[in-house]
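Inspection log for the structure reproduced underneath, given as structure tokens.
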Amino acid sequence: MTENNILKKITIANNLKHFEIKEIFELGGFEFSSSQIKAFMAGSQNKNYEKLSEEQFEGFLNGFILYSRGPVDEPTLLPRTIESFIIGLIESGNTGAIEEIRCLIEDVNDEIGTAD
């Protein structure tokens with residue numbers, strides 16, 4: 001399996017949009033245009049196909065870690081994957097899940113308040 005195939009599988013499994021893929025590469029130290037991102041995602045038979053190097057793929061994976069969990073030195077930041085998930089729930093109108101998240105946050109706040 002090539003780096004391009006793995007990249008496609010990761011992006012599909014995580015429902016990443018092209019602008020998110022671009023941001024992940026930037027977090028990993030690479031700046032690509034939208035057309036380059038599309039070329040990485042194209043099939044090998046496509047005339048616009050561009051092979052992803054091992055170094056570029058490693059940069060994507062490193063960026064994906066930062067994108068998913070947030071920077072280690074800033075633990076107060078909400079990881080983007082959680083933020084994106086919550087936004088997806090809101091956009092889909094899943095009020096039950098949003099209410100459950102709200103209750104969990106209240107429970108945590110209550111626990112923090114009693115620990116002080």
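A compact table of results
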read-out	value
Members of region 1-53 found to be of a type in the set (S, T, N, Q) and within 12 Å of the chain's Cα centre (by Cα), listed by number	Thr11, Asn14, Asn15
In region 1-30, the residues that are within 22 Å of Arg69 (Cβ to Cβ), open to solvent by 80 Å² or more (accessible area, probe 1.4 Å) and part of a loop (DSSP other than H, G, I, E, B)	Asn15, Lys17
Test: residue in region 84-93 that is modelled with pLDDT of 90 or more and either assigned to a loop (DSSP other than H, G, I, E, B) or under 17 Å from the mean Cα position of the chain (by Cα) (or both)	yes
Residue ID - most open to solvent (accessible area, probe 1.4 Å), chosen from residues in region 35-51 that are closer than 15 Å to Leu16 by Cβ and aliphatic (A, V, I, L, M)	Met41
Selection count, region 31-48, where residues are hydroxyl-bearing (Ser, Thr, Tyr) and either within 14 Å of Asn5 (Cβ to Cβ) or part of a loop (DSSP other than H, G, I, E, B) (or both)	2
Flag for Tyr67 being hydroxyl-bearing (Ser, Thr, Tyr) and over 16 Å from Asn15 (Cα atoms)	no
Breaking point among (1) without any contact (Cβ under 8 Å) to a residue 40 or more places away in the chain; (2) within 18 Å of Glu3 (Cβ to Cβ); (3) not in a helix (DSSP H, G or I), for Lys51	(1)
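The values are calculated or read from the model by the stated rules, or taken from the named source; none is laboratory data. Note that the structure is predicted; figures quoted are calculated from it, not measured. Positions of Cβ are generated from backbone atoms using ideal geometry, with glycine treated the same way; all protein chains shown enter the neighbour counts. Each accessible area value is taken on the protein alone, full model and side chains, heavy atoms only, with ligands, DNA and RNA left out. Shrake-Rupley method; radii C 1.70, N 1.55, O 1.52, S 1.80 Å.
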